[in-house]
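Worksheet: the structure to be examined is printed underneath.
Every read-out reported here was derived from the displayed coordinates using simple, explicitly stated rules and does not represent laboratory data. What you see is a predicted model, and the numbers here were worked out from it, not measured in a lab. In this analysis, Cβ positions are derived from the backbone assuming ideal geometry, glycine residues included, and neighbour counts consider all displayed protein chains.
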Amino acid sequence: MAYMDNKNMSVLAGVVAGGIGAYLGYEQAGATGVNPFLGAAIYGGAGFVIGAAGAFLLKSLSQFLVFILLIAAILYVARDPIEQMTGMDPVDAVITTLQGWGIPVGGFAPAGGD
């Protein structure tokens, strides 16, 4: 299983990026009036997934696609707090970006993450 090579490095990269993300999320949430621990969990979770994905990026395309799906799930589930902290809807931003690249994507996600 090629995707299991260097798993310790991937976990370490994920933990470091998750810690940085949690700190940034805590600070950003505190500044915008969102629960700081919710902000830390959202940014920390996204940082962990992105950090671990970066370590696996060249290892396996299927593994990378799994990480993309995990990021999409985090964005969709935590849509409202992210919108409060950043001022933009992450799902609409992704759909608009994909449409800008010429990928036909419909706006099938309900508003507010419901």
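Structure summary
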| item | result |
| --- | --- |
| Highest to lowest packing among 84-97, 15-28, scored as the average C-beta count within 10 Å | 15-28, 84-97 |
| In nm, spacing of pseudo-spin labels at Leu69 and Asn8 (7 Å Cα→C-beta vector) | 2.9 nm |
